[in-house]
Amino acid sequence: MTTAIIMRSKDIRPAPACIEYKGMKFLITDRPSDNNISVFIQELKRHRVVAVVRVCEPSYKVDSLVDQGISVYDLMFEDGTFPPPEIINEWFQLLKKHSREHPDACIAVHCVAGLGRAPVLVAVALMELGLRYEEAVELIREKRRGAINAKQLSYLERYRPKSRLKFRNNRSACCVQ
């Protein structure tokens, strides 16, 4: 095998994973680049994504996303860890806002490989919607094999939902991907 083939085989990442629960839709992906942003946008449109949440360092220009009517939010935190309280608060504000404005749409979340930080944010949202942490992790891992490391799993085990995604009309529709 040549070095190029070996390098490409190491960089194989899972396909984008659509996670739906109680009317909320999340699309977990890996990080795009300026070189593949048009393919990324096509995938977002296929899932009716209205917002992208980047939890890693920016690797692409957002102009083409914004031109397509897709909002971009930066909620960065350290790789391999779990989100600090201020990121969690911003995450739920964003989910509630987009749920009210676009109840049938989806929110995309990505980190570098889509296996750590992005799945943890989605898991927290699923827990706020009523799943136990084991159920949330299992649902995500069904579509993102290898998602959520031991440190992040321990965080989810200790996380206590605070009804942050409850709506006055008992509707909990939101999209996150």
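Checking the conditions here, which among Val109, Val122, Val72 is touching a residue at least 12 places away in the same chain (Cβ under 8 Å), part of a helix (DSSP H, G or I), under 20 Å from Ala17 (Cα atoms) and among the β-branched types (Val, Ile, Thr)?
Val122
So which residues in the range 88-112 are under 17 Å from Ala123 (Cβ atoms) and over 13 Å from the mean Cα position of the chain (by Cα), if there are any at all?
Across the range 88-112, the qualifying residues are Asn89, Glu90.
Which residue out of Val52, Val39 is surrounded by fewer than 12 Cβ atoms within 10 Å (Cβ to Cβ) and hydrophobic (A, V, I, L, M, F, W, C)? Let's see the steps before the verdict.
Numbers: Val52 fails: surrounded by fewer than 12 Cβ atoms within 10 Å (Cβ to Cβ).
Being surrounded by fewer than 12 Cβ atoms within 10 Å (Cβ to Cβ) and hydrophobic (A, V, I, L, M, F, W, C) holds for just one of Val52, Val39, which is Val39.
Pull up the range 134-143, narrow it to residues that are in contact (Cβ under 8 Å) with a residue 24 or more places away in the chain and surrounded by fewer than 21 Cβ atoms within 10 Å (Cβ to Cβ), then point me to the one that is farthest from Leu165 (Cα to Cα).
If we take residues in the range 134-143 being in contact (Cβ under 8 Å) with a residue 24 or more places away in the chain and surrounded by fewer than 21 Cβ atoms within 10 Å (Cβ to Cβ), then Lys143 is farthest from Leu165 (Cα to Cα).
Can you pull out the residues in the range 98-113 that are out of contact with any strand residue (DSSP E or B) (no Cβ under 9 Å at 6 or more places or on another chain) and within 20 Å of Ser163 (Cβ to Cβ)? Walk me through how you get there before you give the answer.
Step one: filter the range 98-113 for residues out of contact with any strand residue (DSSP E or B) (no Cβ under 9 Å at 6 or more places or on another chain), giving 100, 112-113.
The one that is out of contact with any strand residue (DSSP E or B) (no Cβ under 9 Å at 6 or more places or on another chain) and within 20 Å of Ser163 (Cβ to Cβ): Arg100.
Just so you know, all these numbers are worked out from the coordinates, no wet-lab data involved. Predicted, not measured: the structure shown is a model, and the values here were computed from it. In this analysis, Cβ positions are derived from the backbone assuming ideal geometry, glycine residues included, and neighbour counts consider all displayed protein chains.
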